[in-house]
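See below for the structure under consideration.
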Amino acid sequence: MAAAAMRAPTAVLLLAVLLPFAAAPSRAATLATSPSASTSTAAFQLHGDVYPTGHYYITMNIGDPAKPYFLDVDTGSDLTWLQCDAPCQSCNKVPHPLYRPAPKKLVPCADSLCTALHSGLGSGNRCPSPKQCDYRIKYTDSATSQGVLIADNFSLPLSKSSTVRPSLTFGCGYDQQVGKNGEKPAVTDGLLGLGRGSVSLLSQLKQQGITKNVLGHCLSTNGGGFLFFGDGIVPTSRVTWVPMARSTSGNYYSPGSGTLYFDKRSLGLKPMEVVFDSGSTYTYFTAQPYQAVVSALKGGLSKSLKQVPGDELPLCWKGQKAFKSVFDVKKEFKSLHLSFATGKNAVMEIPPENYLIVTKIGNVCLGILDATVAKLSFSIIGDITMLDQMVIYDNEKAQLGWVRGPCSRSAKSILSSIP
């Protein structure tokens, strides 16, 4: 998918063709241990970056025997899926050999997760055959994934050096249309759906009593970071918490409406609906906030910066010499702030390093884009704005939280620090 892609699905479901499988499905879970959901935390090392990769992803071991796959971390959609050989009708070039499903792993149409998936996509339960659950998801960057639901074992590293291998339901995608990317090789093998729906991996882990319905991620400015399921490493202090609001645009993680400030001054705008989405590389503001931010930024820049045609993003500037990092040019720009009325003193600071990138040729570009161009009716806080802060999605307490700090710790050190 495109580096600036938002992988939050629109409400689209079409029938897929019938796969040549005929065996009865099996969804039996196999656990190597029997952890307590109240204490278990699974942690993963993140790879990738905002620029130039445009993705943050983990390595997930799936199958029996387990094989590694790179999955794009996406809190903006529910379904986890792998490109798979079922056989494949249209697949990208991916980092690992395509996942090969066994007929006995098929999830039947009558399965509750199939029903929930179809319902969440805004169309009824439609399957060409009762033996399998077909799906087709369309994402906001025009990419699509079509396939069937499969249940197979996932290897999850837990605290206290234990491992669980639950059988989890995910998509076997045999027809991928990747929007603007054409035939460009994919960075990942598939997508890790961590949204609020019941088909989300996080919801399935909660249902099976493995971890609490809590996740967090810490994306490092230097690339990498960590992702965790469960509440074992959620800080007990300094976190800014906001109640989860019901998004008017879908089942997204939303802190409600935020009022935008530039350099601590009001921009005179109405509050805008905000969604947190790790599947979006960049941040998107709806039309009026976007134009107001662009005007405010341009008005405060020194003459040493010259606006140039965007080589990577729409709005870029050139300095007297090439910039090596955002910190070379940070002093030229001011911080933004988002204030959320639903939380007590809930303000998210967005300093220049959380909305700017420096390109390969040394220009600085605005990593906030116009949501209207992307046909979005709400604003998105994407990866660039979540850099170097732990963001926590607590479905148990229906709240979102964030706390600033370096994200360079290893997943292994995090797990070993849990008592």
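Bear in mind that the values in this text are calculations on the coordinates, not laboratory data. From a predicted model like this one, the values you see are computed outputs, not experimental measurements. Neighbour counts are summed over all protein chains in view; Cβ atoms, including those assigned to glycine, are modelled from backbone coordinates with ideal geometry.
Numbers at a glance
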read-out: Sites Ala66 and Asp311, calculated FRET efficiency, Cβ-Cβ separation with R0 41 Å, nearest 0.05; value: 0.50
read-out: Ranked list, fewest to most other Cβ atoms within 10 Å of each Cβ, for Ile418, Ile392; value: Ile418, Ile392
read-out: For the stretch 296-312, Karplus couplings with θ = phi - 60° (6.51, -1.76, 1.60), whole Hz, Gly/Pro x; value: 5, 4, 4, x, x, 7, 7, 6, 6, 9, 10, 5, 10, x, x, 8, 10
read-out: All lysines inside 25 Å of Lys360 as judged from Cα atoms, apart from same-chain residues fewer than 8 positions distant; value: Lys93, Lys180, Lys184, Lys298, Lys303, Lys306, Lys318, Lys321, Lys324, Lys330, Lys331, Lys334
read-out: Ala374-Ser339 pseudo-label distance in nm [points 7 Å out on the Cα-to-Cβ vector]; value: 2.6
read-out: Residue-span extension gain [Lys397 to Arg100] - 0.36 nm each, minus C-alpha spacing; value: 103.1 nm
read-out: Estimated distance in nm for a label pair at Lys303 and Lys160, the labels positioned 7 Å out from Cα along Cα-to-Cβ; value: 6.8
read-out: Sorted by Cβ neighbour density within 10 Å, fewest at the top, the residues Trp317, Trp241, Trp81; value: Trp241, Trp317, Trp81
read-out: Spacing of the two label points (7 Å from each Cα toward its C-beta) at Gln89 and Gln208, in nm; value: 2.9
read-out: Magnitude of the charge dipole, the stretch 240-416, Cβ model with Lys/Arg +1 and Asp/Glu -1, debye to 20; value: 500
read-out: Ranked list, fewest to most other Cβ atoms within 10 Å of each Cβ, for Ser203, Ser247; value: Ser247, Ser203
read-out: Within a Gaussian network of the chain (alpha carbon springs, distance under 10 Å), most fluctuating of Ile384, Ile233, Ile210; value: Ile233
read-out: Mean residue ellipticity (222 nm) of the chain, computed from DSSP H runs ≥ 4 via -39,500 (n - 2.57), nearest 500; value: -2500 deg cm²/dmol
read-out: Cβ charges +1 (Lys, Arg) and -1 (Asp, Glu), total dipole of the chain, debye; value: 500
